[in-house]
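See structure below.
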Amino acid sequence: MTIYVGIDNTSNNESVGTAKFARRVANKISDKYPVYAVSRHQFYVHPKIKYSTHNFGAVIHLDCDEEKCVNDVFLIIKGIMEDEFNTESNPGLAVAHEKHISPAVINYGQDAKKSILTQKRAEDLAIHSNIKLEGFGKTKNGIIGAIASIGLAATKNDGRFLQIGNIRTIKEPQPVENFIKAGIEKIFTLDGRRIKNGTIFNDNNKPVKPSPINGEVILFVIEENGRYKAINKD
């Protein structure tokens, strides 16, 4: 069973940023709970929504069968965030067992991709769905992205993985089989060809970011000069 940890760091120019902060938290909590993945989920971009360079949330996917893990995970990560969040940012934290992510929570996440949402709706969702929710900083506005993120992650059809398996260890062109061994299940071109052989690379030798598609870890690529270039979706 999965416990979803939603983090929106509402990063400013001085804060470390949501993606890096979530991976840092995942690394710390992995001493106690197995971390399956860290995923990124894009939200609506609008002048009335405050963000730094992008507007997205991150989710840490933890393996734990028991519901009682939720409270323990929440308290551990809350402590980390209280110690480390930038005082000028307004992060949010949401923690939920997969059985408590209702259609309403998923709908909230989907709405976050196309409209401006309120803290009140996030707070009400948390109460009615048995989700642990906490805001930090002056406005606590990160609770919106935190709970929206777990709604999107639970669909297993949104965003992209920042961390899964050993994909972050591959930072230069490698044969397809190395990406499969690292945790990617299938590789496709955008026109539907399944790639089983060849060399894959990414811009600036950065780690690739596969997408969750129907619960599978899928990397999309485009062909360039006889090799395959990894591309990010959503």
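The values are calculated or read from the model by the stated rules, or taken from the named source; none is laboratory data. Treat the numbers as computed from the prediction; the structure is a model and nothing was measured. Here the Cβ positions follow ideal geometry from the backbone for every residue, glycine too, while neighbour counts run over all protein chains shown.
Structure summary
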| read-out | value |
| --- | --- |
| Condition check for residue 114: assigned to a loop (DSSP other than H, G, I, E, B) and either in contact (Cβ under 8 Å) with a residue 12 or more places away in the chain or in the same structural domain as residue 209 (by TED's automatic domain parsing) (or both) | yes |
| Count of region 182-196 residues which are surrounded by fewer than 22 Cβ atoms within 10 Å (Cβ to Cβ) and touching a residue at least 12 places away in the same chain (Cβ under 8 Å) | 9 |
| Condition broken by residue 133, with the remaining ones in (1) touching an Asp or Glu at 6+ places or on another chain (Cβ under 8 Å); (2) in contact (Cβ under 8 Å) with a residue 60 or more places away in the chain satisfied | (2) |
| Residue, nearest to the chain's Cα centre (by Cα), within region 162-181, restricted to residues that are basic (Lys, Arg) and surrounded by fewer than 16 Cβ atoms within 10 Å (Cβ to Cβ) | 171 |
| Residue within region 127-143 that is hydroxyl-bearing (Ser, Thr, Tyr), closer than 24 Å to residue 17 by Cβ and outside any loop (DSSP other than H, G, I, E, B) present | no |
| The listed residue being surrounded by fewer than 20 Cβ atoms within 10 Å (Cβ to Cβ) and not basic (Lys, Arg), out of 61, 128, 41, 97 | 128 |
| Residues of region 1-41 classified as at pLDDT 90 or above, of a type in the set (A, V, I, L, M) and outside any helix (DSSP H, G or I), total | 6 |
| From 130, 202, residue being on the phi > 0 side of the Ramachandran plot and not hydroxyl-bearing (Ser, Thr, Tyr) | 130 |
| Flag if residue 181 is over 23 Å from residue 69 (Cβ atoms) and in a loop (DSSP other than H, G, I, E, B) | no |
| Some residue of region 109-123 being surrounded by fewer than 22 Cβ atoms within 10 Å (Cβ to Cβ) and under 15 Å from the mean Cα position of the chain (by Cα) | yes |
| Which numbered condition residue 217 fails, given (1) in a loop (DSSP other than H, G, I, E, B); (2) modelled with pLDDT of 95 or more | (1) |
| Boolean, residue 80 is outside the structural domain of residue 208 (by TED's automatic domain parsing), modelled with pLDDT of 95 or more, over 14 Å from the mean Cα position of the chain (by Cα) and part of a helix (DSSP H, G or I) | no |
| Region 197-222, subset touching a Pro at 6+ places or on another chain (Cβ under 9 Å) and aliphatic (A, V, I, L, M), residue surrounded by the fewest Cβ atoms within 10 Å (Cβ to Cβ) | 218 |
| Qualifying position, being out of contact with any helix residue (DSSP H, G or I) (no Cβ under 7 Å at 6 or more places or on another chain) and in the same structural domain as residue 76 (by TED's automatic domain parsing), among 135, 151, 109, 142 | 142 |
